[in-house]
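Undergrad: My structure is below; once you've seen it, I'll send some questions.
The values are calculated or read from the model by the stated rules, or taken from the named source; none is laboratory data. These figures come from a predicted structure and were not determined experimentally. Note that each Cβ is placed from the backbone with ideal geometry, even for glycine, and that neighbours are counted across all protein chains shown. Accessible surface areas use protein heavy atoms only, side chains included; no ligands, DNA or RNA. Shrake-Rupley method; radii C 1.70, N 1.55, O 1.52, S 1.80 Å.
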Amino acid sequence: MAKVPSAVVAASGLVGGYGVARWTRQRPLGGVVLATAGVVAARQWRQQAGGVAAGALSAAYVAAFAGSHPLARKVGAWPAVFGVAGAVGLASWAVADRRSPGA
């Protein structure tokens with residue numbers, strides 16, 4: 001079975017978490033999606049790039065989630081979520097996935 005790149009997992013966690021929270025009107029359920037993807041991505045980051053990189057990318061993931069809220073007031077909710085998801089996905093690819101064989 002092919003492994004999903006950590007960039008896709010992380011970006012999907014941000015987009016999926018918001019989508020689930022919005023469509024179900026259950027913010028905690030969206031939080032479960034966000035957290036689960038974050039844990040999966042962090043494990044991949046640690047395996048692919050080491051603990052320091054995993055810590056930095058995890059901090060970026062949390063900062064992206066937090067930063068999407070004020071950004072949404074300026075550009076709208078979905079553009080903010082897609083923007084931060086893209087930034088985290090790009091950082092994840094650059095730090096972890098690009099080096100990984102088969103990615």
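Undergrad: Looking for something of a type in the set (Lys, Arg), touching a residue at least 40 places away in the same chain (Cβ under 8 Å) and on the phi < 0 side of the Ramachandran plot - is there at least one such residue anywhere in region 95-103?
TA: yes
Undergrad: Take region 73-103 and flag every residue that is open to solvent by 30 Å² or more (accessible area, probe 1.4 Å) and within 21 Å of Val33 (Cα to Cα).
TA: Result: Ala77, Trp78, Pro79, Phe82, Gly83, Gly86, Ala87, Leu90, Ala91, Trp93.
Undergrad: Of all the residues that make up region 55-81, how many are among the aromatic types (Phe, Trp, Tyr) and touching a helix residue (DSSP H, G or I) at 6+ places or on another chain (Cβ under 7 Å)?
TA: 2
Undergrad: Filter region 1-49 down to the residues that are open to solvent by 50 Å² or more (accessible area, probe 1.4 Å), over 19 Å from Ala80 (Cβ atoms), of a type outside the set (Val, Ile, Thr) and assigned to a helix (DSSP H, G or I) and list them by number.
TA: Selection gives Pro28, Leu29, Ala35, Arg43, Arg46, Gln47.
Undergrad: Only one of these conditions is not met by Ala103: (1) at pLDDT below 95; (2) within 16 Å of Gly16 (Cβ to Cβ); (3) hydrophobic (A, V, I, L, M, F, W, C). Which number is it?
TA: For Ala103, the failing item is (2).
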